[in-house]
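Reviewing the structure listed below.
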Amino acid sequence: MLTRVKRWARRIKRDVEALWIAARDPRVPWYAKAVCAAIAAYALSPIDLIPDFIPVLGYLDEIVLLPLAILLAVRLVPPQLMAEFRAKADSRADRPVSWVAAASIVILWIAAAILLLWLFWSRPMTG
(Lines give C-alpha, C1' and ligand atoms only; values in the text may rest on other atoms or scores of the structure.)
Protein backbone atom coordinates (compact mmCIF):
# COMPACT_ATOMS: atom_id res chain seq x y z
CA MET A 1 0.00 0.00 0.00
CA LEU A 2 2.84 2.40 0.80
CA THR A 3 4.22 1.87 -2.71
CA ARG A 4 0.86 2.87 -4.22
CA VAL A 5 0.70 6.02 -2.10
CA LYS A 6 4.25 7.01 -3.11
CA ARG A 7 3.42 6.43 -6.78
CA TRP A 8 0.24 8.52 -6.44
CA ALA A 9 2.18 11.33 -4.75
CA ARG A 10 4.78 11.29 -7.58
CA ARG A 11 1.99 11.53 -10.17
CA ILE A 12 0.42 14.46 -8.31
CA LYS A 13 3.79 16.23 -8.17
CA ARG A 14 4.35 15.59 -11.89
CA ASP A 15 0.88 16.87 -12.74
CA VAL A 16 1.47 20.08 -10.74
CA GLU A 17 4.63 20.67 -12.77
CA ALA A 18 2.71 19.87 -15.97
CA LEU A 19 -0.01 22.35 -15.00
CA TRP A 20 2.62 25.03 -14.46
CA ILE A 21 3.94 24.32 -17.97
CA ALA A 22 0.37 24.37 -19.34
CA ALA A 23 -0.30 27.76 -17.74
CA ARG A 24 2.45 29.29 -19.88
CA ASP A 25 1.73 27.50 -23.16
CA PRO A 26 -0.06 29.54 -25.87
CA ARG A 27 -1.97 26.48 -27.16
CA VAL A 28 -3.92 26.12 -23.91
CA PRO A 29 -7.26 28.00 -23.67
CA TRP A 30 -7.17 31.11 -21.46
CA TYR A 31 -9.61 29.74 -18.87
CA ALA A 32 -7.58 26.54 -18.51
CA LYS A 33 -4.39 28.63 -18.18
CA ALA A 34 -5.96 30.64 -15.35
CA VAL A 35 -7.05 27.52 -13.47
CA CYS A 36 -3.72 25.76 -14.08
CA ALA A 37 -1.71 28.76 -12.89
CA ALA A 38 -3.79 29.21 -9.75
CA ILE A 39 -3.66 25.54 -8.79
CA ALA A 40 0.05 25.16 -9.55
CA ALA A 41 0.86 28.33 -7.60
CA TYR A 42 -1.17 27.12 -4.62
CA ALA A 43 0.35 23.63 -4.75
CA LEU A 44 3.89 25.02 -4.92
CA SER A 45 3.28 27.70 -2.31
CA PRO A 46 4.45 27.14 1.26
CA ILE A 47 1.24 28.81 2.52
CA ASP A 48 -1.85 26.60 2.98
CA LEU A 49 -5.51 27.54 2.77
CA ILE A 50 -6.10 25.55 5.95
CA PRO A 51 -3.03 25.63 8.28
CA ASP A 52 -1.58 22.19 9.01
CA PHE A 53 -1.60 22.70 12.79
CA ILE A 54 -5.42 22.49 12.84
CA PRO A 55 -6.21 18.85 13.73
CA VAL A 56 -7.67 16.78 10.86
CA LEU A 57 -8.77 19.80 8.82
CA GLY A 58 -5.15 20.94 8.44
CA TYR A 59 -4.36 18.21 5.97
CA LEU A 60 -7.73 18.29 4.23
CA ASP A 61 -6.51 20.60 1.48
CA GLU A 62 -3.44 18.45 0.70
CA ILE A 63 -5.24 15.12 0.81
CA VAL A 64 -8.63 15.95 -0.71
CA LEU A 65 -9.02 19.47 -2.09
CA LEU A 66 -5.71 19.84 -3.94
CA PRO A 67 -5.93 16.48 -5.78
CA LEU A 68 -9.51 17.30 -6.83
CA ALA A 69 -8.44 20.73 -8.06
CA ILE A 70 -5.53 19.18 -9.98
CA LEU A 71 -7.92 16.67 -11.55
CA LEU A 72 -10.22 19.51 -12.64
CA ALA A 73 -7.34 21.46 -14.18
CA VAL A 74 -5.99 18.39 -15.98
CA ARG A 75 -9.42 17.86 -17.56
CA LEU A 76 -9.47 21.45 -18.83
CA VAL A 77 -6.24 20.96 -20.81
CA PRO A 78 -6.58 19.12 -24.14
CA PRO A 79 -5.40 15.49 -23.62
CA GLN A 80 -2.68 15.52 -26.29
CA LEU A 81 -1.21 18.70 -24.78
CA MET A 82 -1.43 17.31 -21.24
CA ALA A 83 0.51 14.22 -22.35
CA GLU A 84 3.21 16.50 -23.79
CA PHE A 85 3.33 18.60 -20.60
CA ARG A 86 3.57 15.48 -18.43
CA ALA A 87 6.51 14.25 -20.53
CA LYS A 88 8.21 17.64 -20.08
CA ALA A 89 7.54 17.51 -16.34
CA ASP A 90 9.06 14.02 -16.16
CA SER A 91 12.18 15.25 -17.95
CA ARG A 92 12.48 18.18 -15.52
CA ALA A 93 12.24 15.92 -12.46
CA ASP A 94 16.01 15.37 -12.39
CA ARG A 95 16.82 19.09 -12.55
CA PRO A 96 17.99 20.95 -9.44
CA VAL A 97 15.53 22.89 -7.29
CA SER A 98 15.32 26.64 -7.88
CA TRP A 99 15.77 28.33 -4.52
CA VAL A 100 15.38 31.73 -6.17
CA ALA A 101 11.87 30.79 -7.34
CA ALA A 102 10.98 29.45 -3.89
CA ALA A 103 12.23 32.63 -2.22
CA SER A 104 10.29 34.74 -4.74
CA ILE A 105 7.05 32.93 -3.90
CA VAL A 106 7.62 33.40 -0.17
CA ILE A 107 8.40 37.10 -0.67
CA LEU A 108 5.21 37.54 -2.73
CA TRP A 109 3.09 35.90 -0.01
CA ILE A 110 4.70 38.05 2.69
CA ALA A 111 4.16 41.20 0.60
CA ALA A 112 0.50 40.27 0.05
CA ALA A 113 0.02 39.68 3.78
CA ILE A 114 1.65 43.00 4.65
CA LEU A 115 -0.51 44.80 2.09
CA LEU A 116 -3.68 43.25 3.51
CA LEU A 117 -2.66 44.10 7.06
CA TRP A 118 -1.88 47.68 6.04
CA LEU A 119 -5.20 48.03 4.20
CA PHE A 120 -7.27 46.77 7.13
CA TRP A 121 -5.40 48.38 10.02
CA SER A 122 -4.63 51.72 8.43
CA ARG A 123 -8.29 52.68 8.10
CA PRO A 124 -9.79 54.67 10.94
CA MET A 125 -12.48 52.90 12.92
CA THR A 126 -15.93 54.36 12.30
CA GLY A 127 -18.72 53.68 14.66
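Structure summary
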{"quantity": "Qualifying residue in region 96-119 (condition: touching a Leu at 6+ places or on another chain (Cβ under 7 Å) and of a type outside the set (Gly, Ala, Ser))", "calculated": "yes"}
{"quantity": "Test set (1) in a helix (DSSP H, G or I); (2) out of contact with any Phe, Trp or Tyr (no Cβ under 7 Å at 6 or more places or on another chain) - Ala22 fails condition number", "calculated": "(2)"}
{"quantity": "Region 79-90 residues that are touching a residue at least 60 places away in the same chain (Cβ under 8 Å), paired with ones that are in a helix (DSSP H, G or I) and surrounded by fewer than 19 Cβ atoms within 10 Å (Cβ to Cβ) (beta carbon under 7 Å, 6 or more apart)", "calculated": "Arg86/Arg14; Ala89/Arg14; Asp90/Arg14"}
{"quantity": "Scope region 27-75; condition touching a residue at least 24 places away in the same chain (Cβ under 8 Å), among the hydroxyl-bearing types (Ser, Thr, Tyr) and farther than 21 Å from Ala111 by Cβ; matching residues", "calculated": "Tyr31"}
{"quantity": "Verdict on Val56 being within 25 Å of Ala87 (Cα to Cα) and not aromatic (Phe, Trp, Tyr)", "calculated": "no"}
{"quantity": "Every residue from region 93-119 that is open to solvent by 90 Å² or more (accessible area, probe 1.4 Å) and not hydrophobic (A, V, I, L, M, F, W, C)", "calculated": "Asp94, Arg95, Pro96"}
{"quantity": "Selection status of Val5, at positive phi and open to solvent by 60 Å² or more (accessible area, probe 1.4 Å)", "calculated": "no"}
{"quantity": "Residue among Asp61, Asp90 that alone is under 17 Å from Ala9 (Cβ atoms), open to solvent by 60 Å² or more (accessible area, probe 1.4 Å) and part of a helix (DSSP H, G or I)", "calculated": "Asp90"}
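The values are calculated or read from the model by the stated rules, or taken from the named source; none is laboratory data. Quantities reported herein were computed from a predicted structural model and do not represent experimental measurements. We place every Cβ from the backbone using ideal geometry, glycine too, and count neighbours over all the protein chains shown. For accessibility, only protein heavy atoms count, side chains too; no ligands or nucleic acids. Shrake-Rupley method; radii C 1.70, N 1.55, O 1.52, S 1.80 Å.
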